[in-house]
Amino acid sequence: MAHKIAPSILAADFSNLQSACHIIENSAADWYHIDVMDGVFVPNISFGMPVIKAIKPHSTKTFDVHLMIVDPDRYIKDFKKVGADILTVHYEACNHLHRTLQAIKAEGMQAGVALNPHTPISLLVDVIKDIDIVCLMSVNPGFGGQSFIEQTYDKVHMLKEMIKEKGASTLIEIDGGVTDENARKLINAGADVLVAGSFVFKSENPIETCNKLKEI
């Protein structure tokens with residue numbers, strides 16, 4: 001399977017999100033990656049349901065919604081209503097992860113689980129077959145533009161082995177510090193989806209940058 005590119009609109013110009021939609025729609029990008037932050041689980045606040053609802057009519061591609069919030073179970077139905085296709089929750093924010101995954105799937109969405117850099121992938125062994133996407137944070141969550149954490153490569157390798165061992169079809173997504181310099185190494189390690197924020201939206205030609213990441 002060819003790898004997927006998911007530009008993170010957290011790095012886009014918030015005063016002109018229509019431009020961000022135009023970039024994603026007119027490039028080789030596969031998904032929109034949308035970070036929802038509550039200022040509690042992570043030390044930053046981004047956007048929520050009203051913004052997702054506003055940009056959904058302007059899009060034709062998959063909405064990959066990443067919840068960096070406490071108590072995500074409260075909002076599962078709401079995010080489905082505004083257009084989420086994939087809903088990713090943090091392992092660290094869920095007391096009953098299996099129940100949360102089932103609730104997401106019951107709404108017709110794909111279920112994702114994100115792991116912070118310090119969280120070992122071994123914690124997912126009992127639920128890996130219930131997870132559609134594992135999002136490995138390759139920076140500490142909360143802010144864009146951070147440097148890539150090199151240990152991520154080892155986590156990708158280990159996670160890929162677990163997925164194969166368990167006969168799962170889980171995709172591996174990398175979120176944070178992705179550039180054209182580490183993309184090929186991540187794909188070779190087993191990554192299926194690359195989230196790119198600042199590297200895309202701060203570049204001189206974001207559409208061309210998306211296209212190059214897809215071609216790697």
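Throughout, read-outs are computed from the coordinates displayed, never taken from laboratory work. None of the values given here were measured: they were computed from a predicted structure. Glycine gets a Cβ as well: all are built from the backbone with ideal geometry, and neighbour counts include every protein chain shown.
Tabulated data for the structure shown
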| item | result |
| --- | --- |
| log10 of Debye I(q)/I(0), alpha-carbon scatterers only, for the chain at 0.08, 0.14, 0.17, 0.18 Å⁻¹ | -0.24, -0.78, -1.21, -1.38 |
| The chain: most fluctuating residue of I172, I163, I69 per GNM, C-alpha cutoff 10 Å | I163 |
| Cα lying deepest toward the dipole's positive end in the chain, options P57, P120, A93, charges on Cβ | P57 |
| 222 nm mean residue ellipticity, helices alone, for the chain (DSSP H n ≥ 4; -39,500 (n - 2.57); rounded to 500) | -9000 deg cm²/dmol |
| Cα Rg, Dmax (largest Cα-Cα span) when computed across segment 1-104, Å | 13.8, 40 |
| Per-residue Cβ neighbour rank within 10 angstrom, fewest leading, I9, I216 | I216, I9 |
| Lys, Arg +1 and Asp, Glu -1 on Cβ, resulting dipole of the chain about Cα centre, debye, nearest 20 | 400 debye |
| Neighbour-count order for V51, V42, fewest beta carbons within 10 angstrom listed first | V51, V42 |
| Distant alpha-carbon pairs in segment 90-189 (separation over 24 angstrom), percent | 21 percent |
